[in-house]
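The structure appears right after this line, and notes come after that.
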Amino acid sequence: MPNIKIKYFLGIDGGGTKTEFLLTDSDGNEIRRIFLGASNPVNIGIEKTKELLRQGITEICEGFDFSEISAFAGLAGAGTGDIKVKLNKFLKEFGFGACLNGRDTDSVVKIALKGEDGVAMIMGTGIIAFSSCEGELRRVGGRGYLVDKGGCGFNYGSDALACAFEFLDGRGGSPLIFKLVEEKLGQSLDSSAPAIYAGGATFVASFAPVVFEAYEQGDEEARKILERNTYEAAKIIKTAREHLKNGDKTVICGGLCRQKKILSSFLADHLKGEDMPVFSDEKIIDGAVLIAKSIAENGEI
């Protein structure tokens, strides 16, 4: 039965680069929206994730009765096992009228597929796809930056840095990518390794735009990086589509959608004869809010 006390809906979308919080009323009108940093517990640790969530929830819900709020937190790296259980316990401590937590892909599936069968894919700091067929979800990829081979912001950023270091050493690489990387660093690449490792996956992923900028300037090494990474992304798409019974509907969300023109061109080469995926302009956070509403109405996602 619907929880008649619920008047507000809080969606949280957390990834390897940023975390968005959106509070709406029952008519979907935005009340508050805030952005904080990365919240993937695999990358930053669960205690830092909880610290960031506490900050965001406290700020966005200030002045509201928590018992009148239904909340859903969809976080990269936090959808299964012990992490999910610990975060669920943490969220319940706020006294929300209703709340659940899961993957960021739960929000993507909700907003991208709208109940239809198909593949929902995130291309952000990380990469993961879920095929939805007759109510069953199957996962492809999303094993983290130490395992996934390509297609996400971390991979593009890592490849850009590797290419720049190759040029620095005289092993090849690209002078343009070297130049763009040093401009972003604001320091000599030769002395930057400690800062790169200290910054972790999020910092490495921040160099992804370098590849696209270099490609637009005609850089051959950037083209090779795009070729390699879109090949891996296409493999994930093809594998996820194998789980579908009707059609190949595929919707891509996430930060790399900003590069959809370039990515579409490369993906088309790897998906010849197959339907092209659609790059969605819809916000993942809106899917999190829809799930918060569903929790209040049905007690489940």
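Of K179/K261; K5/K89; K149/K238; K18/K50, which pairs sit farther than 19 Å apart, going by alpha carbon to alpha carbon? Mind showing how you got there, number by number?
Details: K179/K261 24 Å; K5/K89 22 Å; K149/K238 15 Å; K18/K50 14 Å.
Flagged as over cut-off: K179/K261; K5/K89.
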Open item on the list: As a footprinting exposure proxy, order K261, K293, K50 by other Cβ within 10 Å, with the fewest listed first.
Closed with: K261, K50, K293
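For region 1-120, what is the relative contact order in percent, using Cα pairs closer than 8 Å and at least 6 residues apart in sequence? Display every interim value, and only then the final one.
Values: 219 pairs, mean separation 30.0, N = 120.
Once divided by the residue count of region 1-120, the mean separation gives 25 percent.
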Task: Fraction of antiparallel bridges per DSSP, the chain only, in percent to nearest 5 - done: 60 percent
Open item on the list: Which lysines, if any, have their Cα less than 19 Å from the Cα of K114, not counting same-chain residues under 8 positions apart?
Closed with: K245, K249, K283, K293
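Sorted by average packing, counted as other Cβ atoms within 10 angstrom per residue and highest first, what order do 83-90, 34-41 take?
Taking the mean over residues of other Cβ atoms within 10 Å, the ranking is 34-41, 83-90.
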Open item on the list: Just to confirm the number: angle between the C-alpha axis of helix 153-169 and the first principal axis of the chain, 0 to 90 degrees, nearest 10?
Closed with: 20 degrees
Task: Phi to ³J(HN,Hα) by Karplus 6.51 cos²θ - 1.76 cosθ + 1.60 over region 248-255, Hz, x for Gly, Pro - done: 10, 3, 9, 10, 10, 10, x, x
Task: Fewest-first sequence of M121, M276 by Cβ atoms within 10 Å of each Cβ - done: M276, M121
- [ ] Could you run the Karplus curve 6.51 cos²θ - 1.76 cosθ + 1.60 with θ = phi - 60° over region 236-244 and give me ³J(HN,Hα) per residue in whole Hz, x for Gly and Pro?
- [x] 5, 4, 4, 5, 5, 5, 4, 8, 8
Open item on the list: Averaged across orientations, what area in nm² does the convex hull of the alpha carbons in region 19-61 project?
Closed with: 3.0 nm²
- [ ] Report, in whole Å, the centroid distance computed from the Cα atoms of region 229-291 and region 76-140.
- [x] 17 Å
Task: Option label - volume of the Cα convex hull per residue in Å³ computed here, alternatives (i) 199; (ii) 132; (iii) 121 - done: (ii)
- [ ] Please find, in a Gaussian network model of the chain (springs between Cα atoms separated by less than 10 Å), the residue of S191, S206, S265 whose mean-square fluctuation is greatest.
- [x] S191
Task: Nonlocal amide H pairs with T19, under 5 Å, H built at 1.01 Å - done: L36, G37
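All of the numbers you see were taken from the coordinates with simple rules; none came from a lab. Owing to the predicted nature of the structure, the values given are computational and were not obtained by experimental measurement. Please note: Cβ atoms are built from the backbone with ideal geometry, for glycine as well, and neighbour counts cover all protein chains shown.
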